[in-house]
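The values are calculated or read from the model by the stated rules, or taken from the named source; none is laboratory data. Treat the numbers as computed from the prediction; the structure is a model and nothing was measured. Note that each Cβ is placed from the backbone with ideal geometry, even for glycine, and that neighbours are counted across all protein chains shown. Just so you know, the surface numbers come from the protein's heavy atoms only, side chains and all, with ligands and any DNA or RNA stripped out. Shrake-Rupley method; radii C 1.70, N 1.55, O 1.52, S 1.80 Å.
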2 protein chains.
Amino acid sequence: MTDTGDDHGPTFERTPELAVDPPAETARERIAGAVDRGDMVTVFGRCRVEYDGRAKSTLGPGDRLLVLKPDGTALVHTDEGHQPVNWQPPGSTHEVGLDDAQLHIESRRTGPEEYLEVTFESIEYVTTVDVTDPEDLSLSGTEEDLRERVLESPGLIEPDFEPLATERSTPAGAIDIYGEDSENRAVVVELKRRRVGPDAVGQLDRYVDALARDLHADREIRGILVAPSATDRAQELLAEKNLEFVALEPMPGEE
Amino acid sequence: MTDTGDDHGPTFERTPELAVDPPAETARERIAGAVDRGDMVTVFGRCRVEYDGRAKSTLGPGDRLLVLKPDGTALVHTDEGHQPVNWQPPGSTHEVGLDDAQLHIESRRTGPEEYLEVTFESIEYVTTVDVTDPEDLSLSGTEEDLRERVLESPGLIEPDFEPLATERSTPAGAIDIYGEDSENRAVVVELKRRRVGPDAVGQLDRYVDALARDLHADREIRGILVAPSATDRAQELLAEKNLEFVALEPMPGEE
DNA sequence: AAATTAATGTCGCAC
DNA sequence: GTGCGACGTTAATTT
């Protein structure tokens, strides 16, 4: 099992293990070993899936791809969709066994207690491989980018807008940008990276309310929603609640 | 290439194709063919990933699993996490090619225009397989279950609560359950399958407001949030806005 | 661990 | 297609 390095191939390369149409027992061995080593595993075959935890689900027989990650994540993917049809979050522990001669994988976690069970009637393939990924994703166009854009050019909100704090906490949560306008009125700015609906207006309204109580002053407080655009309903709600809107993209030049 | 059925194996079984450490050109052929056939593809290897669309991202070299689904979904999974580090939604079209002798997979979609590019420096394995999954997931413990529970036993809300409509539309959206109490006051019920925070209170409040305008009557309107539990802040907001709370689990017997 | 919010959220449904 | 809300949302951050 353990390679002592006396073979011909380059021992530096990780050699993935692949098995086509393996018997259940062979699959069990491979997967159990890989899970112990912390390898990533994929299993493709006809399976049933049971889940019980925050909700409860059953999935009858069909062809799916099961992915087991070294961090304890389990994913069951069908032929369709971005989302796995069933899954288990990182930190779960997987048990691999045979149940009535069928490959059976159980995954558990606590807090909340959740349980996932995948039983394979047939196995088309199993792969296992060691994984290392040192890189972090570099992402732009987020709400954070929009915040930086406003802080660098407060005039994008309106002339003489002066940011005073980010993440200013109120009893209702943190205000994205807190500042003052040219008349020294308090301004609550809520940022959204994309077109907003009624929920964003409600959020801004909560912050303005909370700040009013927090300052317990008669000072007028303005609320400004900053986003690329707003739906009709969002605009009506803004008007009803005397809140304002400023159209702004997270990235400059995105029109 | 096309099997005319004169071989020895059972031609009824789909035979997945697996390749270990394939040259880029072999991988390109296999993947291109599989994408054309509508097979599911997995590629594992060291790759870089670029994305541009609603946002923009770059990911330097590392070992990842790429999954291409017959519906046009693309997923790039690292060794960690439930979420793919990069992806492309269903309906995207994939192009497979060689770029400077490296396997290069481009995926595009429109509406919004988005672009994903995965370039493999090395390939540990490629798998392709035909997929069929006739089954639908059967899920319980959802908000829908909670609604049914309330409609079957309206007394769980309060004695003599009478549901009159579900999904009753208002200018602000649909009310989960609209009904009347023992005093013929209008009641807006908002259901949540799990513990609620401030956002749920805001939602209920919007519906109550909208209904008040819609009925344009002086009739008092009650708003009741029904969920397993509520956070402190949510409870304070409920009190401020004169809304009510009823503790209820989506599934009976879940405490 | 609980609370709150962002997300390339995705997904489904109604219009 | 847009709008709106649910989701076993997940993930990150802070308390």
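Points worth noting:
- Residues that are loosely packed, with under 15 Cβ neighbours inside 10 Å and either part of a helix (DSSP H, G or I) or not hydroxyl-bearing (Ser, Thr, Tyr) (or both) do not occur anywhere in segment A:200-211.
- Residue count for segment A:50-79 satisfying the condition of being part of a strand (DSSP E or B), in contact with a Lys or Arg (Cβ under 6 Å, 6 or more places away or on another chain) and either of a type in the set (S, T, N, Q) or more than 7 Å from chain B (Cβ to nearest Cβ) (or both): 1.
- Scanning segment B:198-212 for residues that are within 15 Å of DNA strand D (Cβ to nearest atom) and touching a strand residue (DSSP E or B) at 6+ places or on another chain (Cβ under 8 Å) turns up B:PRO198, B:ALA200, B:VAL201, B:GLN203, B:LEU204, B:ASP205, B:ARG206, B:TYR207, B:VAL208, B:ALA210, B:LEU211.
- A:TRP87 passes every criterion in (1) open to solvent by 70 Å² or more (accessible area, probe 1.4 Å); (2) away from DNA strand C (no atom under 15 Å from the Cβ); (3) under 19 Å from the mean Cα position of the chain (by Cα) apart from (2).
- Residues that are in a loop (DSSP other than H, G, I, E, B) and open to solvent by 20 Å² or more (accessible area, probe 1.4 Å) within segment A:152-162 comprise A:SER153, A:GLU158, A:PRO159, A:ASP160, listed in sequence order.
- Selection count where residues are away from DNA strand D (no atom under 13 Å from the Cβ) and either within 14 Å of chain B (Cβ to nearest Cβ) or within 27 Å of the chain's Cα centre (by Cα) (or both), scope segment A:152-174: 1
- Lone qualifier among B:LEU65, B:LEU75, B:LEU59 - being near DNA strand C (Cβ under 9 Å from one of its atoms) and in contact (Cβ under 8 Å) with a residue 12 or more places away in the chain: B:LEU59
- For segment B:163-182, the set of residues classified as more than 12 Å from DNA strand C (Cβ to nearest atom), open to solvent by 60 Å² or more (accessible area, probe 1.4 Å) and in a strand (DSSP E or B) consists of B:LEU164 only.
- Residues (aliphatic (A, V, I, L, M), within 13 Å of chain B (Cβ to nearest Cβ) and away from DNA strand C (no atom under 11 Å from the Cβ)) located in segment A:199-230: A:VAL201, A:VAL208, A:ALA212
- Out of A:LEU98, A:LEU103, A:LEU137, sole residue that is of a type outside the set (Val, Ile, Thr) and surrounded by 21 or more Cβ atoms within 10 Å (Cβ to Cβ): A:LEU103
- Subset of segment B:140-151 [surrounded by fewer than 19 Cβ atoms within 10 Å (Cβ to Cβ) and away from DNA strand D (no atom under 11 Å from the Cβ)]: B:GLU148, B:ARG149, B:LEU151
- Subset of segment A:120-134 (residues that are farther than 28 Å from B:ARG46 by Cα and open to solvent by less than 10 Å² (accessible area, probe 1.4 Å)): A:PHE120
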